[in-house]
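Visitor: Got a structure for you, questions after.
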Amino acid sequence: MAKEADVLVIGAGNAALCAALAARDAGKNVVVLEKAPEPMRGGNTYFTGGAIRFAYKGIEEVVQLVPDLSEAELNVMEVGSYPESKYFEDLMRVTEGLSDQEMADALVRQSFPTMQWMYAQGVRFVPSWTHQAFKVEDKFRFWGGLCLQAVGGGKGLSDQLFEIAIERGIDIRYDHTAMKLDQNEAGHVTGVVAQTPNGRQIINAEAVVMACGGFEANPEMRARYLG
């Protein structure tokens, strides 16, 4: 059967749409499967505050992601720094040491470059004035490595990414639930069996990215992996 996509992404939250955009940047034909109908799209991302933790050395790096901050805003901001070592320490503490250290290290080291990449894609951020800041005398101090959030919070992040993906020509298919991976006789993944509005279909692709949600709705897994 003919290939429908170079890259097939399962899911349509922040991770999924960023993966789709990265593949599109590489010149690939991309299809995204979202099991929800269009009005309910966005996965877990839609319900978050839209804040993204990343390592940064100081206000100079933060400003790279929000260059339109006014002088008055900069004068009342105190973001401090959030070094990679602190990020890694916090990650391992919260997960009680259960995180894969190699993957955690990659996450931490790539956190700021990823934010730069998202900004270059068109995602816009603002300081987390109401969620991650407290005022001391005449300064707002930010804490926890969460000094920025997407414009509009989680809904805003989701909407921005969908708009960018559509502008880039990414094919987003709603009401498409991935049921299982499709494999050839050699055991190589060649696509996905999906439940669609037109019945069950096989969607073939050169590569499949599974970004179809975390385990936040599973209490047992939350306890086991998040501590």
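The values are calculated or read from the model by the stated rules, or taken from the named source; none is laboratory data. These numbers were taken from a predicted model, which means no experiment stands behind them. Cβ placement follows ideal geometry from the backbone for every residue including glycine, while neighbour counts extend to all protein chains displayed. Accessible surface areas use protein heavy atoms only, side chains included; no ligands, DNA or RNA. Shrake-Rupley method; radii C 1.70, N 1.55, O 1.52, S 1.80 Å.
Visitor: Out of all the residues in region 54-74, which are out of contact with any Ser or Thr (no Cβ under 7 Å at 6 or more places or on another chain) and closer than 23 Å to Val136 by Cβ? Break it down into steps so the answer makes sense when it comes.
Guide: Residues of region 54-74 that are out of contact with any Ser or Thr (no Cβ under 7 Å at 6 or more places or on another chain), as a first pass: 59-74.
Hits for region 54-74 are Ile59, Glu60, Glu61, Val62, Val63, Val66, Leu69, Ser70, Glu71, Ala72, Glu73, Leu74.
Visitor: Any residue in region 155-168 that is part of a loop (DSSP other than H, G, I, E, B), open to solvent by 70 Å² or more (accessible area, probe 1.4 Å) and among the basic types (Lys, Arg)?
Guide: yes
Visitor: Exactly one of these conditions fails for Ala178: (1) outside any strand (DSSP E or B); (2) aliphatic (A, V, I, L, M); (3) crowded, with 18+ Cβ neighbours inside 10 Å. Give me its number.
Guide: Only one criterion is unmet by Ala178, namely (1).
Visitor: So is Met77 farther than 18 Å from Trp143 by Cβ and of a type in the set (A, V, I, L, M) or not? I'd like the intermediate steps shown before the answer.
Guide: Details: farther than 18 Å from Trp143 by Cβ: no; of a type in the set (A, V, I, L, M): yes.
In short, no.
Visitor: Okay, next question. What pairs come out if I take residues in region 1-27 that are closer than 18 Å to Ile52 by Cβ and pair them with residues that are part of a strand (DSSP E or B) and small (Gly, Ala, Ser) whose C-beta lies under 9 Å away, six or more apart or interchain?
Guide: From residues that are closer than 18 Å to Ile52 by Cβ, the pairs are Gly11/Ala178; Asn14/Ala150.
Visitor: Kindly indicate the residue of region 75-89 that is part of a helix (DSSP H, G or I) and at pLDDT 95 or above and also surrounded by the fewest Cβ atoms within 10 Å (Cβ to Cβ) among those meeting that condition.
Guide: Initially, region 75-89 is screened for residues part of a helix (DSSP H, G or I), giving 75, 84-89.
Filter once more, keeping what is at pLDDT 95 or above: 84-89.
Working: Glu84: 16, Ser85: 10, Lys86: 14, Tyr87: 22, Phe88: 18, Glu89: 12.
For region 75-89, the residue satisfying everything is Ser85.
Visitor: Okay, moving on. Can you name the residue in region 21-36 that is at pLDDT 95 or above and in a loop (DSSP other than H, G, I, E, B) and, of all such residues, is surrounded by the fewest Cβ atoms within 10 Å (Cβ to Cβ)?
Guide: Gly27
Visitor: May I pose another question? Among the numbered criteria (1) over 16 Å from the mean Cα position of the chain (by Cα); (2) modelled with pLDDT of 95 or more; (3) outside any loop (DSSP other than H, G, I, E, B), which one does Cys18 miss?
Guide: Tallying (1) over 16 Å from the mean Cα position of the chain (by Cα); (2) modelled with pLDDT of 95 or more; (3) outside any loop (DSSP other than H, G, I, E, B), Cys18 fails exactly one: (1).
Visitor: Any idea how many residues of region 35-89 are touching a residue at least 12 places away in the same chain (Cβ under 8 Å), within 30 Å of Pro197 (Cβ to Cβ) and over 17 Å from the mean Cα position of the chain (by Cα)?
Guide: Of the residues in that region, 4 qualify.
Visitor: Report the residue count in region 2-15 for those that are assigned to a loop (DSSP other than H, G, I, E, B), within 15 Å of Leu161 (Cα to Cα) and open to solvent by 50 Å² or more (accessible area, probe 1.4 Å).
Guide: Initial filter on region 2-15 (assigned to a loop (DSSP other than H, G, I, E, B)): 2-4, 11-13.
Cutting the leftovers down to within 15 Å of Leu161 (Cα to Cα) gives us 11-13.
Narrowing further to those that are open to solvent by 50 Å² or more (accessible area, probe 1.4 Å): none.
Looking only at that region, the number is 0.
Visitor: Right, another one. Which of (1) assigned to a loop (DSSP other than H, G, I, E, B); (2) open to solvent by 60 Å² or more (accessible area, probe 1.4 Å); (3) of a type in the set (A, V, I, L, M, F, W, C); (4) touching a strand residue (DSSP E or B) at 6+ places or on another chain (Cβ under 8 Å) does Ile202 not meet, given it meets every other one?
Guide: (1)
Visitor: Looking at Gln64, Gln101, can you tell me which residue is in contact with a helix residue (DSSP H, G or I) (Cβ under 9 Å, 6 or more places away or on another chain), more than 18 Å from Phe162 (Cα to Cα), open to solvent by 70 Å² or more (accessible area, probe 1.4 Å) and modelled with pLDDT under 95? Quick ask: steps written out before the conclusion?
Guide: Numbers: Gln64 fails: modelled with pLDDT under 95.
Going through Gln64, Gln101 in turn, just one is in contact with a helix residue (DSSP H, G or I) (Cβ under 9 Å, 6 or more places away or on another chain), more than 18 Å from Phe162 (Cα to Cα), open to solvent by 70 Å² or more (accessible area, probe 1.4 Å) and modelled with pLDDT under 95: Gln101.
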